[in-house]
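Notes for the one structure printed next.
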Amino acid sequence: MSKKENVVQAAITGALEVYCHGNGMPRLELFPPYSVQQGKGLRKFCADLVGRLNDTQIILLEIKELDCSSGVLPAFDSDQHADNLRFEKLGVPIAYAYNAQCPLPYHSEFRPPEWPELTLAAVKRTVPSLLPNGTPRVVEHQSLLSWLLTAKGKKASAELGRVHGAFRAASELRNGALVLLHGVAENVLTSLTPEQLDKVISCLDDGSWLTPRHQRKLKTLLGASESVFQDFTVAPKKAKPKITDPAENKPAPVKKKFN
């Protein structure tokens, strides 16, 4: 994450914490993973900011900084976007968040009393499929405040709440957990006993990629729903270092001049 994106993230985090604490919102918990903890593996985090309201409403924000003069997201990453699209298709609620104005009210020299609402209203939130490139259609994207007010009213069943509650903190909401909670059908999830749920979580937390043994165990526990983890069965191949001929590195012979 760039320095400018850190500035945007600080504004979003501060506004969320203050707004949710004082406006009758559900309990908010936020976790900003380090960059080395982020990625597409099962034990990585797919977002810059991971959080949840109470136990069931999950917040996942990939934060970008909008250059207001050009209307471009300078740090937009196409490879990262492709990964985020895959998570979106699996049902994971990953979204991009970016500033729609410069500076954000959070950074005003004299903050108005309603700065949390104003900051959240000045931040846009959009799913990856509605942000195909680094030039967002700002007027078409919902504000983070509007999304938050909609999320506030959503309620989950007691049984689904039990499953979400197995993850005790936002810092446990790694990619494997997110695909489990949002990619597997609710009736399959809620049919798991506490012991079976523990076994599933143990499989997903044992490595960044599923071994054949883990795949068989998940198939037994989840049935056909195990297929949502197909993208995590083969680790990406590492690029092989280029081997050069030592002779190529030898300096060219110096031609002697004859008088």
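State yes or no: is A156 touching a helix residue (DSSP H, G or I) at 6+ places or on another chain (Cβ under 6 Å) and surrounded by fewer than 19 Cβ atoms within 10 Å (Cβ to Cβ)?
no
Looking at the range 70-100, which of its residues are closer than 19 Å to W147 by Cα and among the acidic types (D, E)?
E88
Hey, can you tell me all the residues within the range 40-58 that are of a type outside the set (F, W, Y), under 15 Å from the mean Cα position of the chain (by Cα) and crowded, with 18+ Cβ neighbours inside 10 Å?
Taking the range 40-58 and keeping what is of a type outside the set (F, W, Y), we get 40-44, 46-58.
Narrowing the set further to residues that are under 15 Å from the mean Cα position of the chain (by Cα) leaves 40-44, 46-52, 57-58.
If the condition is that a residue be of a type outside the set (F, W, Y), under 15 Å from the mean Cα position of the chain (by Cα) and crowded, with 18+ Cβ neighbours inside 10 Å, then K40, L42, C46, A47, D48, L49, V50, G51, R52, Q57, I58 are the ones that fit.
Have a look at L120, L130, L197 and point out the one that is more than 20 Å from E29 (Cα to Cα) and in the same structural domain as A11 (by TED's automatic domain parsing). Steps first, answer last, please.
Values: L120 fails: more than 20 Å from E29 (Cα to Cα); L197 fails: in the same structural domain as A11 (by TED's automatic domain parsing).
None of the other options fit; the residue is L130.
Please go through (1) assigned by TED's automatic domain parsing to the domain that holds L16; (2) under 22 Å from L181 (Cα atoms); (3) touching a residue at least 60 places away in the same chain (Cβ under 8 Å) for H164 and return the number of the only condition it doesn't satisfy.
Result: H164 passes all but (1).
Taking the range 158-200, which residues are assigned to a helix (DSSP H, G or I) and hydroxyl-bearing (S, T, Y)? Show your work before the answer.
Taking the range 158-200 first, the residues assigned to a helix (DSSP H, G or I) are 158-165, 170-172, 175-183, 186-191, 194-200.
Those that are assigned to a helix (DSSP H, G or I) and hydroxyl-bearing (S, T, Y): S171, T190, S191.
The values are calculated or read from the model by the stated rules, or taken from the named source; none is laboratory data. Keep in mind it's a predicted model, so treat the numbers as computed, not measured. Virtual Cβ from ideal backbone geometry, glycine too; neighbours counted across all protein chains shown.
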